[in-house]
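Note sheet for the following structure.
The values are calculated or read from the model by the stated rules, or taken from the named source; none is laboratory data. These numbers were taken from a predicted model, which means no experiment stands behind them. So basically every Cβ, Gly included, is an ideal-geometry build from the backbone, and we count neighbours across all protein chains shown.
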Amino acid sequence: MKIIVHRGIDQIGGCITEISTVKARILIDLGQNLPNGEGVVDDDLASHEAIESITQGVDAVFYTHYHGDHLGLFHYVPDNVRQYIGKVAKRVALCKHRQLSYIKGREQQSKEEIAKLEGMGELSPGQTITVGDIKITPFFVSHSAYDAYMFLIEADGKRMLHTGDFRGHGYLSKGLLPTIEKLILSQGKVDFLITEGTMLSRLGEKVMSENELQRKAGEIMTRYKNVFVMCSSTDVERIATFYASNKRLKYRPLVCDHFQKNILEIFTKSAGEHTPLFRFDEAYDFNPTNTKLLDWMEDKGFCMFVRATDKFKDYYQALASRLDPNETILIYSMWKEYINDNSKHAVQRYIDFVSMFPYMETLHTSGHASADCLAKVCNLVNPVLGIIPIHSENSASYKNLPINEHLQQIIITSSNSTGHVEIRINQSL
Ligand SMILES: [Zn+2]
Ligand SMILES: [Zn+2]
């Protein structure tokens with residue numbers, strides 16, 4: 001058997017892992033490199049030729065979740081390669097791509113992307129899919145994308161756990177350790193743990209729970225009447241945080257645009273079936289000519305989900321004259337580096353957008369596992385043959401985590417061979 005980390009050992013994003021036996025070959029994620037601050041993507045795999053070459057002989061691609069750094073290159077994949085993504089994740093991705101199709105000049109590309117997405121196989125938690133002699137079983141994880149999975153991959157008598165992106169401090173994280181213990185380890189030992197390490201380069205960062213975030217959001221909403229929220233439109237847990245905080249302040253409408261409302265409907269019909277926290281039944285589609293809604297917003301205040309686009313700039317301008325600046329705030333609920341002028345991750349469009357608002361507060365917690373959580377998962381999984389850190393700018397520092405000593409000895413960050421498994425790790429730098 002062979003494990004190839006095409007990308008991820010020294011970068012966040014652009015994730016691609018390959019697992020193959022003599023009979024079958026699969027990819028876990030086919031992500032695009034993250035864009036730079038100008039929104040430009042530098043990715044030598046972003047072409048039909050490059051993806052045809054990397055998927056040559058590949059039977060199937062399995063996506064852990066819908067973020068571009070895991071799913072981004074899906075539309076280049078030839079039709080003879082089967083692709084799989086979570087059932088709800090597929091609907092969210094489709095909704096997003098339908099929205100993108102309204103951008104001028106993108107119609108044809110969107111058409112192809114939508115057709116590819118529609119053809120994808122759907123994953124459900126615990127349902128094994130067999131590709132030749134490789135078995136893949138998805139298990140639900142909490143992440144800033146809904147319907148995200150870690151995969152148990154069984155092949156050639158070996159068991160591998162690929163975590164994808166995950167975290168331990170979300171509403172949906174409670175099942176993380178019990179799932180590993182009761183559903184995965186109870187069936188046998190895991191040989192290799194392939195795990196994300198996003199937070200390894202941010203070891204000092206304190207991680208707030210989503211519950212704590214909700215409490216703080218409530219405080220801000222009590223202080224300010226008019227609340228704009230800039231957060232990921234497909235992060236069900238974050239949306240629930242603000243939705244719940246706003247609901248507590250009775251009579252204030254929750255406002256968003258049509259796209260966000262469609263996403264909320266998908267979440268309500270999926271995640272909302274299991275818990276009221278994810279039921280977003282009362283959301284109002286903003287329209288600057290809807291004077292009834294505007295009067296209500298002016299009178300009682302509101303919570304409005306916004307994105308850094310021209311449309312939302314116009315919406316804000318349409319509202320601004322009716323709002324007291326001293327009662328108006330933007331809650332910025334994304335990674336702080338995007339709006340940090342001095343950061344290499346700074347996004348000018350975001351910086352310009354947030355500067356429009358009279359007041360701003362940052363309220364965010366990571367979608368990724370803290371150092372503490374990574375260590376807990378490593379110690380619990382206790383893999384026999386190796387830990388392969390991916391999705392990290394600093395994989396080597398995995399050994400600095402508080403993990404059991406014998407596990408520190410089996411961290412694999414360069415090509416290697418162990419237990420009849422060949423491991424190839426491509427460095428991008
Ligand atoms: Zn990622
Ligand atoms: Zn992600």
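Scanning the range 401-414 for residues that are free of Cβ contacts under 8 Å to residues at least 24 places away in the same chain and assigned to a helix (DSSP H, G or I) yields Glu405, His406, Gln408.
Scanning the range 78-95 for residues that are more than 16 Å from ligand 1 (Cβ to nearest atom) and under 20 Å from Gly164 (Cα atoms) yields Arg82, Gln83, Tyr84, Lys87, Val88, Lys90, Arg91.
Across the range 255-266, the number of residues qualifying as touching a residue at least 40 places away in the same chain (Cβ under 8 Å) and either surrounded by fewer than 23 Cβ atoms within 10 Å (Cβ to Cβ) or under 25 Å from Ser173 (Cα atoms) (or both) comes to 6. Counting only strands (runs of 3 or more DSSP E) that sit wholly inside the range 305-400, those with at least 1 residues that are more than 16 Å from ligand 2 (Cβ to nearest atom), under 30 Å from Phe192 (Cα atoms) and of a type in the set (A, V, I, L, M, F, W, C) are 386-390. Looking only at the range 4-38, residues that are touching a helix residue (DSSP H, G or I) at 6+ places or on another chain (Cβ under 7 Å) and within 12 Å of ligand 1 (Cβ to nearest atom) come to 8 in all.
Looking only at the range 1-59, filter to residues that are among the small types (Gly, Ala, Ser) and within 18 Å of Asn416 (Cα to Cα); which one of those is surrounded by the fewest Cβ atoms within 10 Å (Cβ to Cβ)? Filtering the range 1-59 for residues that are among the small types (Gly, Ala, Ser) and within 18 Å of Asn416 (Cα to Cα), the one surrounded by the fewest Cβ atoms within 10 Å (Cβ to Cβ) comes out as Ser20. Please go through (1) more than 19 Å from Leu71 (Cα to Cα); (2) surrounded by fewer than 24 Cβ atoms within 10 Å (Cβ to Cβ) for Gly170 and return the number of the only condition it doesn't satisfy. Single failed check for Gly170: (2).
The number of residues in the range 143-192 that are within 16 Å of ligand 1 (Cβ to nearest atom) and out of contact with any Lys or Arg (no Cβ under 8 Å at 6 or more places or on another chain) comes to 13.
Annotation note: of Ser142, Ser101, Ser124, the sole residue that is surrounded by fewer than 16 Cβ atoms within 10 Å (Cβ to Cβ) and over 18 Å from Gly72 (Cβ atoms) is Ser124.
Taking the residues in the range 49-76 that are within 22 Å of Val22 (Cα to Cα) and in contact (Cβ under 8 Å) with a residue 40 or more places away in the chain as candidates, determine which candidate is farthest from ligand 2 (Cβ to nearest atom). By that ranking, first place goes to Asp59. The set of residues in the range 312-329 being under 19 Å from Tyr284 (Cβ atoms) and in contact (Cβ under 8 Å) with a residue 24 or more places away in the chain consists of Phe312, Asp314, Tyr315, Tyr316, Ala318, Leu319, Arg322, Leu323, Thr328. Criterion applied to Lys225, Lys216 was being out of contact with any Asp or Glu (no Cβ under 8 Å at 6 or more places or on another chain) and either under 30 Å from Asp324 (Cβ atoms) or outside the structural domain of Tyr102 (by TED's automatic domain parsing) (or both), and the one residue passing it is Lys216.
Here is a yes/no grid of residues against (1) away from ligand 1 (no atom under 15 Å from the Cβ); (2) on the phi > 0 side of the Ramachandran plot; (3) part of a loop (DSSP other than H, G, I, E, B); (4) not assigned by TED's automatic domain parsing to the domain that holds Asp133:
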| residue | (1), (2), (3), (4) |
| --- | --- |
| Asp42 | yes, no, yes, no |
| Ser53 | yes, no, no, no |
| His70 | no, no, no, no |
| Gln99 | yes, no, no, no |
| Ser110 | yes, no, no, no |
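Among the conditions (1) under 19 Å from the mean Cα position of the chain (by Cα); (2) of a type outside the set (Lys, Arg); (3) modelled with pLDDT of 95 or more, Ser201 misses just one, which is (3). For residues that are out of contact with any His (no Cβ under 7 Å at 6 or more places or on another chain), within 16 Å of ligand 2 (Cβ to nearest atom) and not polar (S, T, N, Q), scanning just the range 192-215, find the one that is farthest from Pro383 (Cα to Cα). Applying the filter and picking the extreme gives Arg202.
Considering only residues in the range 193-229 that are away from ligand 1 (no atom under 16 Å from the Cβ) and of a type in the set (Ser, Thr, Tyr), the one that is farthest from Ser245 (Cα to Cα) turns out to be Ser209.
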